[in-house]
1. Out of the residues in the stretch 31-52 that are among the small types (Gly, Ala, Ser) and assigned to a helix (DSSP H, G or I), which is nearest to residue 81 (Cα to Cα)?
2. Of the numbered conditions (1) assigned to a loop (DSSP other than H, G, I, E, B); (2) out of contact with any strand residue (DSSP E or B) (no Cβ under 9 Å at 6 or more places or on another chain); (3) modelled with pLDDT under 95, residue 73 satisfies every one except a single condition; which is it?
3. Have a look at 55, 11 and point out the one that is part of a loop (DSSP other than H, G, I, E, B) and either at negative phi or basic (Lys, Arg) (or both).
4. Kindly evaluate residue 4 against the criterion of being modelled with pLDDT of 95 or more, of a type in the set (Ser, Thr, Tyr) and outside any loop (DSSP other than H, G, I, E, B).
Amino acid sequence: MLQSRIQNAPRVAVDIDNYRATQEFQMIEEAEQLAERVISTGKPMKLHPMNSFHRRIIHSHFKENPRVSTWSPPDTARLKQITISPKGSIS
């Protein structure tokens, strides 16, 4: 909204009462719990559909994880489900 009124205005992010940080923490915790289930069962599982911003947070979180890998389908949908798989498995 600010950019529409002032050219080259800086981007502003509002995080009231740590809402955004709390939301990201809960999302990562949910993904961690699912990753533990994936490790114990050896079967891939999917998270709920997410936008690209949230998917990037999850993919970045698991990037260096030696036990699981994550992937999103390569389609053009706005909301996609991340699949968490055991490392080395073919999904």
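1. The first filter runs over the stretch 31-52 and keeps only residues among the small types (Gly, Ala, Ser), leaving 31, 35, 40, 42, 52.
Right, trim to assigned to a helix (DSSP H, G or I) and you get 31, 35, 40, 52.
Numbers: 31: 12, 35: 14, 40: 21, 52: 10 Å.
So the residue we want is 52.
2. (2)
3. Working: 55 fails: part of a loop (DSSP other than H, G, I, E, B).
Among 55, 11, only 11 is part of a loop (DSSP other than H, G, I, E, B) and either at negative phi or basic (Lys, Arg) (or both).
4. Details: modelled with pLDDT of 95 or more: no; of a type in the set (Ser, Thr, Tyr): yes; outside any loop (DSSP other than H, G, I, E, B): yes.
It is false that residue 4 is modelled with pLDDT of 95 or more, of a type in the set (Ser, Thr, Tyr) and outside any loop (DSSP other than H, G, I, E, B).
Quick grid of which residues meet (1) surrounded by 11 or more Cβ atoms within 10 Å (Cβ to Cβ); (2) touching a helix residue (DSSP H, G or I) at 6+ places or on another chain (Cβ under 6 Å); (3) of a type in the set (D, E, K, R):
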site	(1), (2), (3)
11	no, no, yes
18	no, no, no
22	yes, no, no
29	no, no, yes
35	yes, no, no
43	yes, no, yes
50	yes, no, no
63	no, no, yes
80	yes, no, yes
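The values are calculated or read from the model by the stated rules, or taken from the named source; none is laboratory data. A quick note: this is a predicted structure, and the numbers were derived from the prediction, not measured. Cβ coordinates were reconstructed from backbone atoms using ideal geometry, including for glycine residues, and neighbour counts include every protein chain displayed.
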